[in-house]
């Protein structure tokens, strides 16, 4: 990068390392718009609200920016979305700046007053209120015990995990999309009720697109006026260029690389301001931007350095938006990340290696920026050049981890298994933490972090929680009387069968309510079928390619526990079932000998087929059970193996387990990472334990976290080994792996001196976060995870 | 079926340091040397040994009553109580381990047949392919269980798996020499060229080691030399010079790996209740650079670590 540009990037990056501010403008404008539109169709109210926001929210251009547009009124701002969940803001307003993690800068009294004025309007109207009212009372209490984050509305999140196709706006411009809407509207028959619904939906989409054009023009005007005022001739010409670009896109098709970037950024913003949710990202950006890059380079109007600077600026912009979570949700999604995905590499639609010059530039830019919301995913196929994987590993090493590696062979098989055509499957991107999806064609929403160890506990306690004593699941009999492993398995199966419907209910009602009250016409405009069908993306607009996932947490603990029971109770008869249950009831106190025996049983993560095959059986059981039910809008229900950071609250809800884990301790992190400290056989053993599982049946993805000491990657020879290790794992059936490349000494030091380590990025669960912003518990959890040290 | 048994104290799946590519490293018990700096003291004896993790010991005494040889007693010190094992009475029956409720007692050393061990290392086979890796047998000293190691090497090679040996080079038997010849690659330790000092530091003279090294070199066996650098023991200019001059003449030597002294082994001495006799400081970075330059001057490819 050019020296001046590097300095500028550094400066802009710094602004993203300060505590974010709360933006109250969106909340105010949203509330005013809804007050004005009562009685109108919900989708129209949505559109009018976004229209008001985009026309009236404070805008700003920062010094040095070349891609412009803020998602809030602040440089780094938290979006308030009272229409989803309003009650918590009032309750937690005062503690937002003082709570243990995910802290915001203090609000002014005037800002607090604005919130106090507008939030009460949403009582009973906010989606979370509606969700609570719609879930049967006796099942509602299971949310937060059996499942975490099953309702996005409870977490204060929209469904950001959608996978839009930016090529639509790049090639047609908003004007082109509006032309299609007009044509479609002209063909509607108002005698058909369904067409009336389509009419309102398409009209809403048109309003939102028009508002987005207006928003861009506001920026064009601002840039032009700033250009007039600035004394700096260099900046003047930059601002003039920005003004020209903003008056051209996204209204019209993009012609240059710079226009293309600005165009997608405005679309991203409009979607974020309408439906703020983590997971919304940029999909296969090295693919759809490449033609613009190539053309500009060939025509000599862009240099590699220019492109690098623009990409770095885009990464920084992504970090300017933050979604505040209620404390309960922050436990599960801690760390302020938007997981805005940038999926790089992999195959083209027709099965060729897709890596290009831009793929490398995205990696290079990330090396300079390395903030936490831009989420880099490296697709690795057999055809992917070693040079690209090597470069990615070098960046991962420099960033102490962060990058995610996914295996093309596995993902493509998963998507084919789910019924997607091969050219769609090859064109997948990863959204959110770990979910494969096809830009522009399919909706594959993850969520619902489900406490599987709890279900095993219920099987081993006649349906009662060992923590609260409450009867949660069906009575499956006194476990002391179980005479065979099969009886244990059957009891577990019954608990699973009884509780999975509630888990699906939480998810489906959530989606249903979003479709009914908070649909997303602006997102729908970037899907291929939504205009044609006249249906919102959440409401089945992508049919038949819709899946709804449940994320299974703690599967390794369940596998380890079942293996211990099978081996020690029923095969070797070293522990009686009665003694085991007594030991669990007493959290192993006074049963240290039993605990020790259990500790010695086979553990997942050591490439031991005895336990690994049980882990796989548990996955298949759940995949089959969840797969029995069709979800909202005809969605196929499937599973992911992921916990985000819910492995900690899940652990609070589960007593002692037969794997030797004590009451209240976190369950396994990531999703399919071995329980901390148990994978003691070396990295290839861990990788193979995971690779051998049937990932095709966990279509929504899985997360394996591994910790590496930087010493093991210190030179090129070792890096090559690292690369070949990743490739072997992915080619052997692995789906996903990400690394924490950092010594635990560094982390302990960071706990003591957080101010010195503000930029210390670590992978927490499935995304990266600033270490020092995490709770002490989460920090301890990361430190305690297995570290592969080579001392022999 | 191959039922030859060997005793192993550790297996690492996915080592980046014990030879080319990604390796599975098997550590065999038993060694003819007693280097004062030994970082794997649990690899010295040819039989299983009790490992005592004192930090976990709650001094409950369960193992004391559980020991048929009365080899365990209670030790009360300033920082609290823990058990201690009279190693001369211990027969390695390992009954104490079963009685220990906290996991403070464990075992160094497990017997495997050649087939059992092969099944375990074979699990990493896919990782060898892309990385050009394989199995490394170290220890202890792999020629110390010569019959077992030979059979194991043969089993690996029959399955087209590359085998490296991490050896001290000290073997006097015909079978031991065969082991060295049959491996694909030797990671050959050279601890010093002065025979007297060698005896003092390792318990054996280096004559046989040097002879073996020269013979293997003559036979064209690929060799990577590993030089432990222990301040005050083998880092004198005289020794380094003699070493470099010798190595510069050996055509089979592909590389020289300097292994700077480290203290990671200390904890294992505590676990074996042995005294750690050495009191030297790890090498500074400057000194490491100096040594690298020194060997480069002799035209030797050299690096720090393996």
**Report entry** Contact order relative to length of chain A, as percent, for alpha carbon pairs under 8 angstrom and 6 or more apart
**Finding:** 15
Query raised in the report: How many nm separate the modelled label positions at residue A:752 and residue A:715, each set 7 Å beyond the Cα in the direction of the Cβ?
Result: 3.2
Report summary line: Looks like chain B, by Cα gyration tensor root eigenvalues a ≥ b ≥ c and the a/c under 1.5 rounded cutoff (else prolate when a/b is bigger than b/c, oblate otherwise), is oblate
**Report entry** For chain B, built as a Gaussian network whose Cα springs stay under 10 Å, the top-fluctuating residue of B:143, B:113, B:171
**Finding:** B:113
Query raised in the report: How far, in nm, would the chain grow between residue A:2 and residue A:582 when pulled straight, counting 0.36 nm per residue and subtracting the alpha carbon separation?
Result: 202.0 nm
Requested in this report: May I ask for the distance between the Cα centers of segment A:484-515 and segment A:142-198, given as a whole number of Å?
Outcome: 28
Report summary line: The rounded separation in angstrom of the Cα centers of segment A:562-628 and segment B:4-31 is 29
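Counting only C-alpha contacts under 8 Å and six or more residues apart, can you give the relative contact order of segment B:49-107 as a whole percent?
The value is 48 percent.
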**Report entry** Alpha-carbon centroids, segment A:46-92 and segment B:274-306: separation in whole Å
**Finding:** 59
Requested in this report: Taking chain A as the reference, fit the longest principal axis to its C-alpha atoms, fit the long axis of helix A:357-369 to the helix C-alpha atoms, and give the angle between the two in degrees, 0 to 90, nearest 10.
Outcome: 80
**Report entry** Helical contribution to [θ] at 222 nm, DSSP H n ≥ 4, -39,500 (n - 2.57), averaged over chain A, rounded to 500
**Finding:** -15000 deg cm²/dmol
Report task. Return the FRET efficiency for the residue pair residue B:119, residue A:10: r is the Cβ-Cβ distance, R0 is 60 Å, and the value is rounded to the nearest 0.05. Result -> 0.65
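Can you work out D for chain A in µm² s⁻¹ from Stokes-Einstein, where Rh is the Kirkwood radius over C-alpha pairs, the temperature is 4 °C and the viscosity is 1.567 mPa s?
Answer, rounded: 48 µm²/s.
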Query raised in the report: Cα axis of helix A:716-731 to longest principal axis of chain A: angle in degrees, 0 to 90, nearest 10?
Result: 80
Query - In degrees, nearest ten, helix A:3-15 long axis to first principal axis of chain A (Cα) - result: 60
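Within 10 Å of each residue's Cβ, count the other Cβ atoms and sort A:464, B:23 from fewest upward.
Ascending Cβ contact count within 10 Å gives the list A:464, B:23.
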Requested in this report: May I ask you to compute the full-extension gain from residue A:225 to residue A:776, defined as 0.36 nm times their residue separation minus their alpha-carbon distance, rounded to one decimal in nm?
Outcome: 193.6 nm
Query raised in the report: What ranking do B:177, B:28 get, fewest neighbouring Cβ atoms within 10 angstrom at the top?
Result: B:177, B:28
Query raised in the report: Restricting to chain A, what percent of DSSP beta bridges are antiparallel, rounded to 5?
Result: 35
Query raised in the report: Label-point separation (nm) for residue B:297 and residue A:192, each offset 7 Å from Cα along Cα-to-Cβ?
Result: 9.0
**Report entry** For A:246, A:23, order by how many other beta-carbon atoms lie within 10 Å, fewest first
**Finding:** A:23, A:246
Requested in this report: Run the quick spin-label model on residue B:64 and residue A:613: label points 7 Å from Cα toward the beta carbon, then report their separation in nm to one decimal.
Outcome: 4.5
Query - Length released on extending from residue B:211 to residue B:36, taking residue separation times 0.36 nm less the Cα-Cα span - result: 60.7 nm
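FYI, it's all coordinate maths here, none of it is from the lab. Since we're looking at a predicted model, the values are computed, not measured. When we count neighbours, we look across all protein chains shown, and the Cβ atoms used for this are built from the backbone with ideal geometry, even at glycine.
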